[in-house]
Amino acid sequence: MLEILGGRVLAPYFGYSVYQWGGLIGVVMAALAVGYFIGGRVGDRPGAQRFVLSVLIISTAFVLVVPRFANDFMPMMRVAGPAWGAVFGTLILLGVPSVLLATISPIVIKLTATDRIANSAGLVYAVSTIGSIGGTFFAAFYAIPQLGTRLSHFVAAALLVLAVLAMAYASRRLAVAAVSVVILALGFPFAVDRQPGEIYRAESIHNIIRVFDSPTQRDLYLNYTLGAQTTMSKTGLLTGGYYDTFLLGPHFNGGSKVLFLGVAGGTSLKQLVTVYPKLTVTGVDLDPAVLKVAREFFGLKDERRVRLVAEDARWFVSNTKETYDVIAIDLYVTGHIPFFTTTKEFFALVSKRLSANGIVIMNVLSTTGTGELLNPMIRTVRSVFPSTFLIGHGNYMLVATKRPTSLERMRLVLARPAARAETTQVLTRARQTLRAASAGRQWPIFTDDHNDVEFRTFRSFFGTR
């Protein structure tokens, strides 16, 4: 249970990436090995039962205290990079309780063993594994989405206190029981005061969701607050950010049917149906809780030409029979693009869902200018589409066409007059940065089999190695 919760605490800083889970699982396994060794040494000595009681109480205190201070020390871990940062962060979060709790199994085997030692060991590890299965499913499928991370840690601590109470009662150590109850009571997770401007906060299976409001804009944050997942202007249609650039998709080919992968708050979807009165948009996002926020807080509730689908983006593209004139892609999970939506295989699926004159427009965030994320993305997309272009800087918009298209033609399209003044502003900005997108053969093509986009994203975003 603590391992699943630890992944949730790490997510705002290291994402749900292979590096985060690799670091998490590796550290916990190492801690278990150390704990088993210590437990084996202690279990053969007098006072083993008192040691178990102490272990449970210390672990209870640690489980209650550490999550409260994660926001203070996790940013310092991030400077070590996506891999080692996750390792060090896990060590701080879970190292001590994992070592301590692992000492219990060998001691329990000693306390319960008769002449059938193997039978006792098998029974102890079978029971502990069943408990681990229960904790995993309870944390993932109920505690986190229903109770939230902080209250779930309290529940985990309460389970440890139940064990303390049972052992204290059996050994008539009532003072120990009283201490454990006091520690648990002091650690109760009272409601956290909302930050200035915060008008909504919730946790779902996939995200920690927060909405902030100011006189000029409304922002959606998913998991971390380093950057808004969606910004909506309250003073006009345009935001001045990369969201506006998605308006170019229908302008390029005159399409009337858009698939938008990665809705978040839905600012770009609302812009599209506002600017193009005959346009229909299908928005796909993995998290139904995020779609609910998009409807309630970002103006999509009454947009009849917007259809929202709670589904994985790649799964949707794989299974839909529809074709679209424009496919817009803005898929980010805690700062990085899910690896399976950056591969040659994924873009081949996207190509099949495009109409004959279809266009893809994708947001690629790369702020350091090294090209180690952007260039592999360009090579990957070019391996599927005949023509690729770039617009903007930092938040690059990678544009690909199903038909071969020249840079001159794209510039001519951008020079065409727009029906609305807002689109004219976007066209003017785009004309200044539109260029052909190419990357040398030294850069890899991402595939389902070989892909390090998470590591590249972290370095590109934070400038760390």
Exercise. What Kirkwood radius, in Å to one decimal, follows from the Cα pairs of the stretch 202-462?
Worked result: 18.4 Å
Problem set entry | Packing-based ranking, highest mean first, of 18-28, 44-54, 127-137 given that Cβ atoms within 10 Å are counted | 18-28, 44-54, 127-137
Problem set entry | Contact order relative to length of the chain, as percent, for alpha carbon pairs under 8 angstrom and 6 or more apart | 13 percent
Exercise. When the dipole is taken about the Cα centre of the chain, and only Lys, Arg (+1) and Asp, Glu (-1) are charged at their Cβ, what size is it in debye, to the nearest 20?
Worked result: 700 debye
Exercise. Using a simple spin-label model with points 7 Å from Cα along the Cα→Cβ vector, what separation in nm is obtained for Thr235 and Arg307?
Worked result: 3.8 nm
Seminar exercise, completed: Going from the fewest other Cβ atoms within 10 Å to the most, one would list Thr423, Thr320 as Thr320, Thr423
Seminar exercise, completed: Across 20 Å bins beginning at 0, the whole-percent shares of Cα-Cα pair distances in the chain come to 22, 47, 23, 8, 0
Problem set entry | Most positive-pole-ward Cα, Met167, Ile205, Phe252, against dipole of the chain from beta carbon charges | Phe252
For this session: State, as an integer percentage, the relative contact order of the stretch 41-150 based on alpha-carbon contacts under 8 Å between residues 6 or more apart.
Result: 31 percent
For this session: Compute the separation of the alpha-carbon centres of the stretch 1-40 and the stretch 211-255 and state it in Å as a whole number.
Result: 36 Å
For this session: Return the whole-Å distance between the Cα centroid of the stretch 136-156 and the Cα centroid of the stretch 332-409.
Result: 38 Å
Exercise. Over 29 Å between Cα atoms, which of Lys278/Lys344; Lys321/Lys344; Lys270/Lys402 qualify?
Worked result: Lys278/Lys344
Seminar exercise, completed: Site Phe37, offset 7 angstrom along Cα→Cβ, radius 18 Å on amide nitrogen, limited to the stretch 82-99, gives 91, 95-99
Exercise. Which order results if Thr282, Thr112 are arranged by neighbouring Cβ count within 10 Å, fewest first?
Worked result: Thr112, Thr282
Exercise. Rounded to the nearest 500 deg cm²/dmol, what is the calculated helix-only ellipticity per residue at 222 nm for the chain, with -39500 (n - 2.57) per DSSP H run of length n ≥ 4?
Worked result: -16500 deg cm²/dmol
Seminar exercise, completed: Relative contact order in percent for the stretch 161-298 (Cα pairs under 8 Å, 6+ apart) equals 15 percent
Problem set entry | Of the DSSP H helices in the chain, those whose Cα atoms cover at least 20 Å axially and whose Kyte score averages -1.0 or more | 18-43, 48-78, 82-102, 117-138, 149-170
For this session: Take Glu296, Glu303 and order them by how many other Cβ atoms sit within 10 Å, fewest up front.
Result: Glu296, Glu303
For this session: Select from Phe340, Trp443, Thr129 the residue farthest towards the positive end of the dipole of the chain; place +1 on Cβ of Lys and Arg, -1 on Cβ of Asp and Glu, and compute about the Cα centre.
Result: Trp443
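Computed from the coordinates by the stated procedures, all read-outs in this text should not be read as laboratory data. What you see is a predicted model, and the numbers here were worked out from it, not measured in a lab. Neighbour counts are summed over all protein chains in view; Cβ atoms, including those assigned to glycine, are modelled from backbone coordinates with ideal geometry.
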